[in-house]
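What follows draws every value from the coordinates through simple rules; no lab data is involved. Note that the coordinates shown come from a computational prediction; the quantities given were computed from them, not determined experimentally. Quick reminder, even Gly has a Cβ in these numbers, built from the backbone with ideal geometry, and neighbours come from all protein chains shown.
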Amino acid sequence: MKDIIVITENKEYPICFENEFDGLRNAVEQAGLRGRKLCIISDTNVAPLYAKKVADVLEESFSEINICTFEAGEKSKNIDTIADFYDFFMDKKLDRKSVIAGLGGGVCGDMAGFGAATYMRGVTFIQIPTSLLAQVDSSVGGKVGIDYKNGKNVVGAFYQPDFVYININTLKTLPVREFNAGMAEVIKYGPIASSEFYEFIKNNKAQIKALDEATMATVIGECCKIKADVVSKDEKEGGLREILNFGHTIGHAIESVKEFTLLHGECVAIGMVAVLQICVSRGYLTEEFLAEYIDLLKYFDLPVYVQEISAEAVYRQMFFDKKVKNNKISFVFIKKMGETIRTDEVTEKEIISAINYVVKTEM
Ligand SMILES: NC(=O)c1ccc[n+]([C@@H]2O[C@H](COP(=O)([O-])OP(=O)(O)OC[C@H]3O[C@@H](n4cnc5c(N)ncnc54)[C@H](O)[C@@H]3O)[C@@H](O)[C@H]2O)c1
Ligand SMILES: [Zn+2]
């Protein structure tokens, strides 16, 4: 598949799609990074699977390669792990010309990118995402960062990589629950940007579930195209980029109230259903469409409602979101498939009824 070019204010870089790691050599060459030192950052699940393979492929391309591993999981996404990275970088004498690669899921990419953005005021960064969520979402767009205290992603930067290299075959080792959580973000791109893409997902859902290579290449490529296009138009989230948060306003609140026992994508699935309920009650979309959308989420074993929490708690939690401005919560609604409305003109009654729609004991 052809590379996709992400264009931002200060930088243009490719997203490469392959089904192996060998093409990394060419990507490094094209980016003009040959001969430098490389530090691969990866987590304890991904490093044993792929770090040595990547290091072997790139042996001739770099003067030295080191692998820095951290404990897998969101709970590692903090300042202490970043301090461990800095110790490692200094120990290995990484300099301003060195290259840092994030090889892993979104946690790894966000942290490796934050390390790269801040070490020596910024060194070269490359993304090698291995989870579906990272391949279709977090590795594109340049947002990097860490969690601080109870706040998710509260410390961070916009820092674009020199390239993103996606080896689609890494998805074969991704746990199914993680794959499905990534599918929530994939499905999200339909309503926010493209009815054709939504139809494609619907018509090819069995091939997607079976990880058919050609189908997955199309799916991931289309998602990256949509995200790259949005980011190119609005790198720093002044407006348009907000559409990527469809389903996230209520989703994030559920994620916090459930104390992160559900995966992010699972909460996004529930959050999308809640928002679509408002769209139905406003007359933008039909009940039939919502039922079909719920079926598609369920096909990928995604939850569409949540139990054992109160709607009240979710509502209160929503006001802690970074995106709340002047105590008004901003929403992304779907006007029709592929067309969005961004607004903070939403009544409390609408929000409560949307939350009640997904917070229940049975459905
Ligand atoms: N920067 C952004 O724009 C952006 C966007 C969305 C999400 N995020 C961030 O992304 C993170 C979530 O990303 P995630 O869902 O990838 O989580 P993750 O990085 O924790 O990966 C999920 C799990 O899958 C494992 N894994 C990853 N690839 C694998 C593979 N190929 N084979 C086997 N196991 C594999 C990981 O070790 C981990 O256990 C969150 O911290 C979120 O804030 C960032
Ligand atoms: Zn998300």
Going down the table (K11/K236; K37/K149; K227/K335), which pairs top 23 Å between alpha carbons? K37/K149
0 to 90° range, to nearest 10: angle between helix 264-281 axis and the chain longest Cα axis: 30
May I ask for the angle, rounded to the nearest 10°, between helix 213-233 and the longest principal axis of the chain, with both axes built from Cα atoms and the value confined to 0 to 90°? 80
Of the candidates V304, Y315, S232, the farthest towards the positive dipole end of segment 176-358 (Lys/Arg Cβ +1, Asp/Glu Cβ -1, centred on the Cα centre) is S232
Quick one: check the C-alpha center-to-center distance for segment 12-57 versus segment 196-275, whole angstrom. 25
Run the simple label-point estimate for E199 and D234 please: 7 Å along Cα→C-beta, distance reported in nm. 2.6
Rounded to the nearest Å, what's the spacing between the alpha carbon centres of segment 123-164 and segment 306-363? Just the number, please. 26
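Rounded, prolate or oblate, given the Cα gyration tensor of the chain, with a/c below 1.5 counting as rounded?
Prolate is the answer for the chain, as a/c is 1.5 or above and a/b outweighs b/c.
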Entries in K77/K152; K75/K188; K97/K225; K202/K360; K152/K172; K77/K323 that, when Cα-Cα distance is taken, lie over 18 Å: K75/K188; K97/K225; K202/K360; K152/K172; K77/K323
Using the beta-carbon distance between R34 and Y284 and R0 = 45 Å, what value does 1/(1 + (r/R0)^6) give for FRET efficiency, to the nearest 0.05? 0.30
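Can you pull out the chymotrypsin sites (Phe, Trp or Tyr not before Pro) in segment 300-357 that DSSP calls coil and that have at most 15 other Cβ atoms within 10 Å?
F319, F320
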The chain, Gaussian network, Cα under 10 Å: of I329, I192, I250, the residue fluctuating most is I329
Determine the percent antiparallel among the DSSP beta bridges restricted to segment 22-167, to the nearest 5. 20
Hey, which aspartates and glutamates would be in cross-link range of K2, C-alpha to C-alpha under 14 Å, not counting anything within fewer than 8 residues on its own chain? E18, E222
In a Gaussian network model over the chain where Cα atoms closer than 10 Å are linked, find which of T218, T130, T347 has the largest mean-square fluctuation. T347
Sorted by mean Cβ packing within 10 Å, highest first, what order do the peptides 156-162, 243-249 take? 243-249, 156-162
Run the dipole for the chain about the Cα centre, Lys and Arg Cβ at +1, Asp and Glu Cβ at -1, nothing else charged, and hand back the magnitude in debye, nearest 20. 660
Segment M1-I352, length gained on full extension (0.36 nm per residue, minus Cα span): 121.9 nm
If neighbour count is taken as other Cβ atoms inside 10 Å, put E20, E185 in order from fewest to most. E20, E185
With only Lys, Arg, Asp and Glu charged, each at its Cβ (+1 for the first two, -1 for the last two), find how big the charge dipole of segment 1-150 is about the Cα centre; round to the nearest 20 debye. 380
Placing each pseudo-label 7 Å from Cα in the direction of the beta carbon, E12 and K92 end up separated by a distance in nanometres of 3.1
State, to one decimal in nm, how far the label point of A210 lies from the label point of N153, with both points 7 Å from Cα in the Cβ direction. 3.5
Would you calculate a helix-derived [θ] at 222 nm for the chain, using -39,500 (n - 2.57) for each DSSP H run of n ≥ 4 and dividing by the full residue count, to the nearest 500? -13000 deg cm²/dmol
